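In what follows, a structure is listed as structure tokens, so that the remarks can point back to it.
The values are calculated or read from the model by the stated rules, or taken from the named source; none is laboratory data. Because the structure is predicted, anything quoted here is derived from the model rather than measured. Here the Cβ positions follow ideal geometry from the backbone for every residue, glycine too, while neighbour counts run over all protein chains shown. Note: accessible area is taken over every heavy atom of the protein model, side chains too, but ligands, DNA and RNA are not part of it. Shrake-Rupley method; radii C 1.70, N 1.55, O 1.52, S 1.80 Å.
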Amino acid sequence: MSSPPHASPPRLFDRALHRKRLDRAARGYANADFLQRRAAEDVAERLEPIMRDFPVAVDLSARGGAFREALAASEAAARVGFLIEGDLSHRMLHGRAGARVVLDEERLPFADASLDLIVSTLGLHWTNDVVGALIQARRALKPDGLFIGAFLGGTTLTELRQSLVAAESEILGGAGSRVSPFADVADAAGLLQRAGFSMPVADVDAVTVTYDHPLKLLFDLRQMGETSVLADRHPKALTRTLLNRAFEIYFERFRNEDQRVPATFEIITLTGWAPPAAP
């Protein structure tokens with residue numbers, strides 16, 4: 001009796017559209033790369049106490065080169081040898097020196113057991129199959145190779161999400177999804193376990209940014225290439241009336257004493273090791 005076919009993961013995100021958004025964002029990305037830099041600096045700091053060499057390393061979501069820069073200023077710089085910068089967008093990689101490769105985190109181009117270190121800064125939350133991407137990363141690592149990945153978690157943009165839902169419920173009589181779903185930190189370490197990593201660790205960095213108007217937040221998200229690319233598009237267009245009402249609700253519910261509004265970003269960082277070689 002034949003076994004049932006393996007079910008493919010649901011297609012949550014339009015990866016081709018995500019690439020276009022990143023291409024569009026590349027030119028002005030440095031104006032809104034504060035989250036990328038924060039995640040990259042954190043990853044570099046995590047490498048500092050690890051007293052071992054990583055001759056060949058890959059940054060899966062290099063964007064503007066924040067990890068390379070953070071590593072260069074880190075005490076771990078001397079222990080990381082050849083660094084390959086990868087990105088879904090060729091425009092993000094354009095114009096920089098060093099080894100670069102256009103890649104898709106869902107289809108890694110690296111041979112099995114060919115890498116000592118893989119890092120990913122704020123890219124994995126756009127993959128349709130996070131576990132599948134992590135499995136590929138684990139296979140590409142040599143025995144005892146290290147993976148460190150940071151991605152946006154469940155409370156990210158909660159204020160914007162609540163405001164849009166409330167505005168839609170009020171104007172349209174119901175609400176759909178306009179903000180991408182994010183993984184819950186409670187499930188994060190389990191992702192590494194399911195992918196076959198050993199010693200999995202997950203922790204959270206909560207970041208709050210304030211704006212004088214929610215429109216500035218949307219502009220930053222566009223500059224980051226982080227606007228929604230849900231494969232199942234919302235059936236109704238985001239009209240000016242709906243958006244203005246969402247902004248009003250945003251102010252009403254979340255404005256602080258300085259008359260500014262917060263935007264929450266939750267950065268979940270996963271650390272795991274490829275299993276050692278069999279004795």
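Here are the numbers:
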{"read-out": "Among (1) surrounded by fewer than 12 Cβ atoms within 10 Å (Cβ to Cβ); (2) in a loop (DSSP other than H, G, I, E, B) - the single one Pro275 does not satisfy", "value": "(1)"}
{"read-out": "Boolean, Asp203 is outside any helix (DSSP H, G or I) and at pLDDT below 80", "value": "no"}
{"read-out": "Extreme residue, nearest to the chain's Cα centre (by Cα), among residues of the stretch 222-266 that are in a helix (DSSP H, G or I) and of a type in the set (S, T, N, Q)", "value": "Gln223"}
{"read-out": "Given (1) in contact with a Pro (Cβ under 9 Å, 6 or more places away or on another chain); (2) open to solvent by 40 Å² or more (accessible area, probe 1.4 Å); (3) within 21 Å of Arg11 (Cα to Cα), number of the condition Val131 does not satisfy", "value": "(2)"}
{"read-out": "Residue in the stretch 139-158 that is out of contact with any strand residue (DSSP E or B) (no Cβ under 7 Å at 6 or more places or on another chain) and either among the charged types (D, E, K, R) or open to solvent by less than 50 Å² (accessible area, probe 1.4 Å) (or both) present", "value": "yes"}
{"read-out": "The one condition in (1) out of contact with any Pro (no Cβ under 9 Å at 6 or more places or on another chain); (2) open to solvent by less than 40 Å² (accessible area, probe 1.4 Å); (3) modelled with pLDDT of 95 or more; (4) in a helix (DSSP H, G or I) that Phe219 fails to fulfil", "value": "(2)"}
{"read-out": "Qualifying position, being under 27 Å from Ala206 (Cα atoms) and not β-branched (Val, Ile, Thr), among Arg11, Arg63", "value": "Arg63"}
{"read-out": "Lone qualifier among Ser61, Ser74 - being open to solvent by less than 50 Å² (accessible area, probe 1.4 Å), free of Cβ contacts under 8 Å to residues at least 40 places away in the same chain, of a type outside the set (D, E, K, R) and part of a loop (DSSP other than H, G, I, E, B)", "value": "Ser74"}
{"read-out": "Hey, Ala44 of a type in the set (A, V, I, L, M) and open to solvent by less than 10 Å² (accessible area, probe 1.4 Å) or not", "value": "yes"}
{"read-out": "Only listed residue being outside any helix (DSSP H, G or I) and either modelled with pLDDT of 95 or more or more than 13 Å from the chain's Cα centre (by Cα) (or both), chosen from Ala137, Ala97", "value": "Ala97"}
{"read-out": "Among (1) among the polar types (S, T, N, Q); (2) surrounded by 19 or more Cβ atoms within 10 Å (Cβ to Cβ); (3) farther than 28 Å from Ser89 by Cβ - the single one Ser169 does not satisfy", "value": "(2)"}
{"read-out": "Hey, Arg194 farther than 19 Å from Arg21 by Cβ, touching an Asp or Glu at 6+ places or on another chain (Cβ under 8 Å) and basic (Lys, Arg) or not", "value": "no"}
{"read-out": "Residues (assigned to a strand (DSSP E or B) and either of a type outside the set (A, V, I, L, M, F, W, C) or surrounded by 13 or more Cβ atoms within 10 Å (Cβ to Cβ) (or both)) located in the stretch 206-215", "value": "Val207, Thr208, Val209, Thr210, Tyr211"}
